[in-house]
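Single-structure report; data block below.
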Amino acid sequence: MFTGIIEQKAKVEEIVKDQSNVHFRLSSPFQNELKVDQSLAHNGVCLTVTNTDDNGYWVTAIDETLQRTNLNHWNVNDLINVERCMPANGRFDGHIVQGHVDCVGTVDEIHDLDGSWMIFIAHDADAGITVNKGSICVNGVSLTVVDSFPDAFSVAIIPYTWEHTNLSNLQPGDTVNLEFDILGKYLKKFSVSLQISKK
């Protein structure tokens, strides 16, 4: 489990296609601390470390992951938000993040607010729900929803987050990985089940 508090930005060093899979080699300031079988969130996508060496570490994305996320848009030299799993005795600084991306959203607008930034992101209305002041995970970053719409939302970015994540690299039209709040997903499922049972 993750919390959406980004530790570092990892750099994509190499991309190798292997049938329907894609292997990525990344470098990170904490790469020497990683071990095989460890799970890390990459732009919000939970991926398993498959190999480590002095040049970085490897993770593999299968076709299912590539279809549901924006990993197929990664390029060499891209900077990726990385978070290791939350330790059992760790602080819960963000919100519950599983590393299971629900859909890809599209950056609609970015506004410079002279000290902070407001980003509007559009998504498929059926993919999930947001609420004002609720939680959303964007490229692995735990954020608070400012404005909520059926098919979009906005988030405000403080300078620290802007500087220490790859959100500052976004441009209108870019895709981002979205994971909606787990509590909202269960409530939505429960609501749908109630409607079906009443028919």
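The values are calculated or read from the model by the stated rules, or taken from the named source; none is laboratory data. All of these numbers come straight from a predicted model, not from anything done at the bench. Note that we place each Cβ from the backbone using ideal geometry, even for glycine, and neighbour counts take in every protein chain shown.
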Checklist entry - Taking VAL145 and the conditions (1) buried (at least 16 other Cβ atoms within 10 Å of the Cβ); (2) out of contact with any Lys or Arg (no Cβ under 8 Å at 6 or more places or on another chain); (3) not in a helix (DSSP H, G or I), which numbered condition does it fall short on, given that it satisfies the others? => result (2)
Checklist entry - Would a scan of the range 39-49 turn up a residue that is farther than 25 Å from GLU163 by Cα, in contact (Cβ under 8 Å) with a residue 12 or more places away in the chain and touching a Ser or Thr at 6+ places or on another chain (Cβ under 9 Å)? => result yes
Checklist entry - For GLU33, all conditions in the list (1) within 27 Å of GLU163 (Cβ to Cβ); (2) surrounded by 12 or more Cβ atoms within 10 Å (Cβ to Cβ); (3) acidic (Asp, Glu) hold save one; what is the number of the exception? => result (2)
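So, SER168, is that one among the polar types (S, T, N, Q), within 20 Å of LEU113 (Cα to Cα) and in a helix (DSSP H, G or I) or not?
So SER168 fits the description; yes.
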Checklist entry - Do we find that ASP126 is at pLDDT 95 or above and surrounded by fewer than 19 Cβ atoms within 10 Å (Cβ to Cβ) in this structure? => result no
Next on the checklist: Quick check on this structure: which one of LEU170, LEU183 is over 16 Å from the mean Cα position of the chain (by Cα) and either crowded, with 19+ Cβ neighbours inside 10 Å or not assigned by TED's automatic domain parsing to the domain that holds ASP78 (or both)?
Outcome noted: LEU183
Checklist entry - Any idea how many residues of the range 119-136 are of a type in the set (S, T, N, Q) and touching a residue at least 40 places away in the same chain (Cβ under 8 Å)? => result 2
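Within the group ASP54, ASP114, which residue is without any contact (Cβ under 8 Å) to a residue 24 or more places away in the chain and under 25 Å from ALA156 (Cβ atoms)?
Step by step, each of ASP54, ASP114 is checked, and only ASP114 is without any contact (Cβ under 8 Å) to a residue 24 or more places away in the chain and under 25 Å from ALA156 (Cβ atoms).
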Checklist entry - If you check LEU47, LEU26, which single one turns out to be in a strand (DSSP E or B) and in contact with a His (Cβ under 8 Å, 6 or more places away or on another chain)? => result LEU26
Next on the checklist: Pull out all pairs, ordered by first then second residue, where Cβ-Cβ is under 9 Å, the residues are six or more apart or on different chains, the first lies in the range 17-38 and is closer than 11 Å to ASP53 by Cβ, and the second is part of a loop (DSSP other than H, G, I, E, B) and among the small types (Gly, Ala, Ser).
Outcome noted: LEU34/SER28
